[in-house]
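One structure below.
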Amino acid sequence: MSDRIRPTGTTQIFFSATQYAAATVTAAIRAGLFGPRAEHRRILVVSNTAAIPEVGTPLDRMAGFGELRPEFDEVRSWNEFISPHHPAGWAPRAQDTLLWEKAVRLAWDLGDEEVEIACESIQANPSRAVADIFADSPIHVYADGLMSYGPTRNRVPHGMNSRITRVLHLDLVPGLRPMLLAEYGVPAEPIPGEAIVDVLARMGEDGAGVLTALLDADDLPTAVLLGQYLSALDLITQDEEEELHLRMLRAAAKAGHDSILFKPHPSAPATYNRTLETAAAALGVRLTVLDEPLLAETVFAHVKPRLVIGCFSTALMTAAAFYGIPVARVGTDLLLERITPYENSNRIPLTVIDAALPDAEHDPVGEPLRAAELAEELAPLVRAVGYSMQALKHHGLRDEVSAWLTAHLTEYARYFKKRRLTGLGLPGGRPVLAGTLRRHPAVRRAVRQVRARRR
């Protein structure tokens, strides 16, 4: 702990698994969304949820973390605390939560202080585990990507959801309301864009030095391509992903860019880069591959490109919303066909990007997004897709979604599956024959129950 006087108020514990998540919650703190600095003891707990955490770099040792550190009295490692368990797979048994709370309080010198928890996805570990351990503490959920606009993936038990006070989110589509945890009446609160941009700028000062050494200051790349490593999510094959990057490169060259920077996903194979370099040479384009693990926002701020192309990365929307850079998409049509199951949490980010951004291969590109009109256009589509993903959690939307589908399904059919619409009894589904219904086991069972009551 620092040598300043220890506050007598609440201890706030912030859990972050990525550098971008830590930047997001730091921006919320600096924007005043967690109260005055002097009244709280603040602990940042970092976790590494990679498959093999031991070979990765903890976020508190990454370049730029020093810009976040002053907001916290202490930094703790969740991996070290629960070792040898893995953060993504471990949770305490219900009968052991009180023992674990005592262990955490003892290890982190919490005493009997009141504790508030701020964490990422409450639907998965380690956030779920932490919420179980501090069973009486209020919870603030924060989201740093487009998934916040979609419905909650898994059910959150009543004892837990009743403690969630709000969802803090980046305002990537100004005016669009998140569906995350809305079924529990949890209000959403945006984190000011200027706060996150300032935090990212300060974090990116070290990275800017890397870019300065790598790039010619008088001839910076005018287009940036974003890799996502979607094959690791089993959405497409490695060959298809490689082709996706080539399509991005060709689209940028077609748009008139002859100096292009490719930012691959840190886990993507190096063969992707070599294939792109070969294609760039054939197109007469100068390609720079950024192998350093820098935030995309550092690249946007330093390079100031005239175009950013990607598939459905959240960074596309940060480029547009926070830096005013024109953006375009490639390959979302393929992903809309492949993504399964229908309730896959990536469906909403994919839908938002596909609906909001121009197709880099076929549409005019190079103009900033019309942010003021975007939310109005996207809101009914996002609610309709979100309802179709998790209808039981948002049954109050049924009439609105049915009316919207009746009027607009033809225009937006690519975002819906006929089988899904049929199962939910929504417009656009297949008519269900009466004979088929009569033979369905669930219907026959319901009929027998009704007849039994009548007797």
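Here the condition is being crowded, with 22+ Cβ neighbours inside 10 Å and either within 19 Å of the chain's Cα centre (by Cα) or assigned by TED's automatic domain parsing to the domain that holds A135 (or both); of F65, F34, F14, F81, it holds for F14 alone. Within region 319-372, how many residues turn out to be more than 22 Å from L421 (Cβ to Cβ) and either assigned to a loop (DSSP other than H, G, I, E, B) or aliphatic (A, V, I, L, M) (or both)? Residues meeting the conditions: 27. Of all residues in region 178-189 being crowded, with 17+ Cβ neighbours inside 10 Å and out of contact with any strand residue (DSSP E or B) (no Cβ under 6 Å at 6 or more places or on another chain), which is farthest from T26 (Cα to Cα)? It comes out as E183. Report yes if some residue within region 419-436 is in contact (Cβ under 8 Å) with a residue 40 or more places away in the chain, under 15 Å from L336 (Cβ atoms), touching a helix residue (DSSP H, G or I) at 6+ places or on another chain (Cβ under 9 Å) and not in a helix (DSSP H, G or I); otherwise report no. Taking every residue of region 419-436 in turn, none turns out to be in contact (Cβ under 8 Å) with a residue 40 or more places away in the chain, under 15 Å from L336 (Cβ atoms), touching a helix residue (DSSP H, G or I) at 6+ places or on another chain (Cβ under 9 Å) and not in a helix (DSSP H, G or I). Of the residues making up region 232-271, those that are outside any loop (DSSP other than H, G, I, E, B) and more than 25 Å from T298 (Cα to Cα) are L233, Q238, D239, E240, E243, K254. Selection within region 117-150: residues that are among the small types (G, A, S) and assigned to a loop (DSSP other than H, G, I, E, B). The member of this set that is nearest to I348 (Cα to Cα) is G150. Of all the criteria given as (1) over 24 Å from the mean Cα position of the chain (by Cα); (2) surrounded by 15 or more Cβ atoms within 10 Å (Cβ to Cβ), the one not satisfied by A296 is (1).
Residue-level check: of (1) surrounded by fewer than 16 Cβ atoms within 10 Å (Cβ to Cβ); (2) farther than 24 Å from V173 by Cβ; (3) of a type in the set (A, V, I, L, M, F, W, C), A372 misses just (2).
When region 49-90 is filtered for residues that are of a type in the set (G, A, S) and under 26 Å from K102 (Cβ atoms), the ones remaining, listed by number, are S77, S83, A88, G89. Restricting the first member to region 228-249 and to residues that are under 15 Å from P266 (Cα atoms) and in the same structural domain as L295 (by TED's automatic domain parsing), and the second to residues that are buried (at least 20 other Cβ atoms within 10 Å of the Cβ) and among the polar types (S, T, N, Q), the beta-carbon pairs closer than 9 Å and six or more apart or on different chains are Q228/S313; E241/Q228.
The values are calculated or read from the model by the stated rules, or taken from the named source; none is laboratory data. These numbers come from a predicted model, not from an experiment. Here the Cβ is made from the backbone with ideal geometry for all residues, glycine too, and neighbour counts use every protein chain on show.
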